[in-house]
Structures are given as C-alpha cells and as structure tokens.
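Working notes, beginning with the structure itself.
The values are calculated or read from the model by the stated rules, or taken from the named source; none is laboratory data. Since this is a predicted model, take the numbers as computed values, not measurements. Here Cβ is always computed from backbone atoms with ideal geometry, including for glycine, and neighbour counts include all displayed protein chains. Heads up: the accessible areas ignore ligands, DNA and RNA and are worked out on the full protein's heavy atoms, side chains in. Shrake-Rupley method; radii C 1.70, N 1.55, O 1.52, S 1.80 Å.
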Amino acid sequence: MENKEPNKNIVRIKDIAELANVSTGTVDRVLHNRGRVSEEVKKRVLAIAKELNYEPNMLARALVSKREFRIAALIPDASLDEYWAEPAKGIRKAEAELRQYGLAVYYHIFNQFDVNSFKEEAEIISGLNYDGILLAPVFYRESLTFLNRWKRQQIPFNLFNTHIPDYEPLAYIGQDSYQSGMVAAKLLHYGYLASAPVSFIIAHIDEDVANSSHLIKKEQGFMDYFDELNTPSFKVVRTELHNSSDRGVFAEQMDQLLAENADARGIFVSTSRAYAVADYLENNQQHKLRLIGYDLLDKNLTHLNKGTINFLINQNPKGQGYYGIQLLIEHLVFKKKINPIKYLPLDIITKENLHYYIESEI
C-alpha cells in the first residue's frame, strides 16, 4: 500500500486533502473560511491541519498579490521638534523593506503645538479610505473622536508614543510609561541615604501635560516609587516649564524653581528636552544636581558625554515608527494575529554604553 504520510517538514494542502479524503479545493475553502462545506468535513479538515501543524505559505500569497495597501502615517513635524525625525526614519525603513508586498505610506504631518493642525490632518485621513493608520496621538482628548470613528469604519490603527487602550488599537508600540517613570526615580534615588531631607524634581517641558496621558503615567510612576519607600526624608516636586528655546525666560523659571527647592538633588525631565535643563545647570555651575531625561538627540548626547546629563532613557522612536508599520502589514497582508502591546525595552544610556546604541539600526 502506498504510504500517504506527508513530508514532516513541509505540510501541503494536498497532504491534508488526502488524509481527510476530500479535494484540495475543499481544504482550501475550510482553511480560508469561504464557500460552503459541511460541518463534519470542516471539523475533520481542521483537526488534521492542527495535528500536522499546518502553516499557510503567506509569503508566497503576498508576493503574487497585486493589491496596494495604503497606510496613513499621522506624525508631528520634525522641523519643529527633532525628536520626530526618528519615528519618520523608522517608517521609511519599514516602507522600503515592505514595498514588495504592496505597501504605500502616505504622510500626514501636523504641528504638535497646534491642536487644529492635528484635527485637520486626521479629518483628511478619515475621508481617504486608507487600509490602515499609524499615529502618535499627542493630543489625547482630540484623538479620541477620530479613534472612535476609525474603529466604526473598521480601519485598523496602530498607536505609538502614547497608549490609549480603551479604543482598541491593533497595537501600541512604545515603552511602558509608568515603569519608565519608576526607573527614572530609582536612578535619581540610588546612592542617597535617608538622612537629611532632599527633594527630587519631575519637570515637564513645553508640554500640555493635562492632555498627554503618557506624561501623566511617567509622573505617576515616578511619584509612586518614592511613595512606596515611605521615607519622609524624600520629597517629590512636580513642575511645568515653558519656552525652553528662550534661554532668558527659561533661566528665570529654573532660578525660581531651585530657589524654592534648595534641597533638590535631582531632576527628571519627562520629555526629550533634558538638554534645556543641562544648558542651565552648566551655565550656573549647578554640579550637585543629577539629571535624567529621554532620547538620543544630539543636544542630549553632548551633555551626556560632558556628564551634565547622568542618564538618558532611550525610547527608541525609530523602532516605534518601524514596528508600527510592520505590524499593520503583518495584519493586513499576512493575516497574523497581532499582540495588542509591543513594549520596547527601557534602555538606560550612559556615556560608557552610548556607542552601542548609536550604531544600532532599530
């Protein structure tokens, strides 16, 4: 009798059909849930496919597809804040790698300091029938209306930089903001004994904190760390600073902040603008203060190498853009089940390990 056992390395539809005693067309209809098949045959085919660990050749299917998958990227203007140049680089890298599968990315750039600019671009996207959307919802409240609309339109969307789980994005790509705040607090606290009272400052710079959920979560993580220590010697001070590009105005705010908190021993900047505080500390010879911030911007790296900034937490913005596009394509083209959260590592950068991250692609 002829041996009907399929190849143990590659399972084909033909192999399943022979074992189920049905045609390959029937197997195809069952596996792709199309056409009419009796419940008994369906159960038999699915049981055999599961037993054989059958995996469809999605790559081959994507290569022969002639369809274009149109993705909208709704991101802030990098010319106004250099941080946003990195997510754009990640998006372009993913676009280049996945173009062969029909990917086409259309960029919708908004001014992160102008809510109407965001709303205008989001409104345009809503009317263009995209297959998927990647966005940084920096305006939390204003984003909700559009997320709800896209959900009703059944347009999959990925979020990066800020997580809004209640509106069921396909995936969130970024760090755990709460844990990030806790890490920053631990870095500032490390080495200080609970003797003389000291203060640690969390500073939000040039941000509408009330409308930025990721900053609120960072702040909560930072405060909870010290609250859990239950040590009255440590006090947490929160502040919002503005106009960091105007050195005179910014210096006046810093003068007042440190005058009111003469016992301050460390500052955690919740955004990528740690360099603004570092400039001030350097100009005023405030060497007693530890400083922690985010992201490998050139201005931050200069101060990291000088020692004015002690640590940077790398949010991997390039990776956020890259994986944001990649996961949409895995869903749209390869029909993969996507994990709703893709947390990126909380990388702690010092001048000693900096070059490993500068040389990294993603």
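Collect the residues in the stretch 101-118 that are touching a Ser or Thr at 6+ places or on another chain (Cβ under 6 Å) and of a type in the set (A, V, I, L, M, F, W, C), keeping them in residue-number order.
The answer is 110, and nothing else.
Determine if the stretch 192-203 includes at least one residue that is of a type outside the set (A, V, I, L, M, F, W, C), under 14 Å from residue 270 (Cβ atoms) and open to solvent by 10 Å² or more (accessible area, probe 1.4 Å).
Taking the stretch 192-203 as the starting set, the residues that turn out to be of a type outside the set (A, V, I, L, M, F, W, C) are 192, 195, 197, 199.
Retained after the next criterion (residues that are under 14 Å from residue 270 (Cβ atoms)): none.
Within the stretch 192-203, not a single residue is of a type outside the set (A, V, I, L, M, F, W, C), under 14 Å from residue 270 (Cβ atoms) and open to solvent by 10 Å² or more (accessible area, probe 1.4 Å).
Within the stretch 166-191, work out how many residues are over 13 Å from the mean Cα position of the chain (by Cα) and open to solvent by 20 Å² or more (accessible area, probe 1.4 Å).
So the answer is 12.
Which count do you get for residues in the stretch 205-220 that are surrounded by fewer than 19 Cβ atoms within 10 Å (Cβ to Cβ) and within 15 Å of residue 184 (Cα to Cα)?
Adding up the residues that qualify gives 2.
Could you say which residue among 281, 289, 327 is more than 30 Å from residue 99 (Cα to Cα) and at pLDDT 95 or above? First the steps, then the outcome.
Details: 289 fails: at pLDDT 95 or above; 327 fails: more than 30 Å from residue 99 (Cα to Cα).
Matching residue, one of 281, 289, 327: 281.
For the stretch 231-281, enumerate the residues that are small (Gly, Ala, Ser), in a helix (DSSP H, G or I) and within 14 Å of residue 205 (Cβ to Cβ). Give the steps one after another, and end with the answer.
Step one: list which residues in the stretch 231-281 are small (Gly, Ala, Ser), which gives 233, 244-245, 248, 251, 259, 262, 264, 266, 270, 272, 274, 276, 278.
Then drop every residue that is not in a helix (DSSP H, G or I), which leaves 248, 251, 259, 274, 276, 278.
251, 274, 276, 278 - these are the residues of the stretch 231-281 that are small (Gly, Ala, Ser), in a helix (DSSP H, G or I) and within 14 Å of residue 205 (Cβ to Cβ).
Among the residues of the stretch 132-188, write down those that are among the basic types (Lys, Arg) and touching a helix residue (DSSP H, G or I) at 6+ places or on another chain (Cβ under 9 Å).
So in the stretch 132-188, the residues among the basic types (Lys, Arg) come out as 141, 149, 151-152, 186.
141, 149, 151, 186, listed by residue number.
Of all residues in the stretch 308-339, which are on the phi > 0 side of the Ramachandran plot and open to solvent by less than 40 Å² (accessible area, probe 1.4 Å)?
Step one: of the stretch 308-339, the residues on the phi > 0 side of the Ramachandran plot are 316, 335.
Residue satisfying the conditions is 316 alone.
Which condition from (1) under 30 Å from residue 245 (Cβ atoms); (2) assigned to a strand (DSSP E or B); (3) within 14 Å of the chain's Cα centre (by Cα); (4) not β-branched (Val, Ile, Thr) is the one that residue 215 breaks?
That leaves (2) as the condition not met.
Given the criterion over 23 Å from residue 334 (Cα atoms), of a type in the set (Gly, Ala, Ser) and surrounded by 16 or more Cβ atoms within 10 Å (Cβ to Cβ), identify the matching residue among 117, 79. Outline the logic, then answer.
Numbers: 79 fails: surrounded by 16 or more Cβ atoms within 10 Å (Cβ to Cβ).
Going through 117, 79 in turn, just one is over 23 Å from residue 334 (Cα atoms), of a type in the set (Gly, Ala, Ser) and surrounded by 16 or more Cβ atoms within 10 Å (Cβ to Cβ): 117.
Go through the residues of the stretch 298-317 one by one and say whether even a single one is touching a residue at least 40 places away in the same chain (Cβ under 8 Å) and basic (Lys, Arg).
No, the conditions are met nowhere in the stretch 298-317.
For the stretch 309-362, which positions are under 14 Å from residue 158 (Cα atoms), of a type in the set (D, E, K, R) and assigned to a helix (DSSP H, G or I)?
Within the stretch 309-362, just 330 meets the criteria.
Restricting the first residue to the stretch 90-103 and requiring it to be in contact (Cβ under 8 Å) with a residue 12 or more places away in the chain, which pairs with a second residue that is of a type in the set (D, E, K, R) and assigned to a helix (DSSP H, G or I) meet a Cβ separation below 8 Å and a spacing of at least six or different chains?
Note: pairs meeting the criteria are 90/318; 93/318; 103/95.
Only one residue in 117, 143 is more than 22 Å from residue 172 (Cα to Cα) and assigned to a helix (DSSP H, G or I), so which one is that?
117
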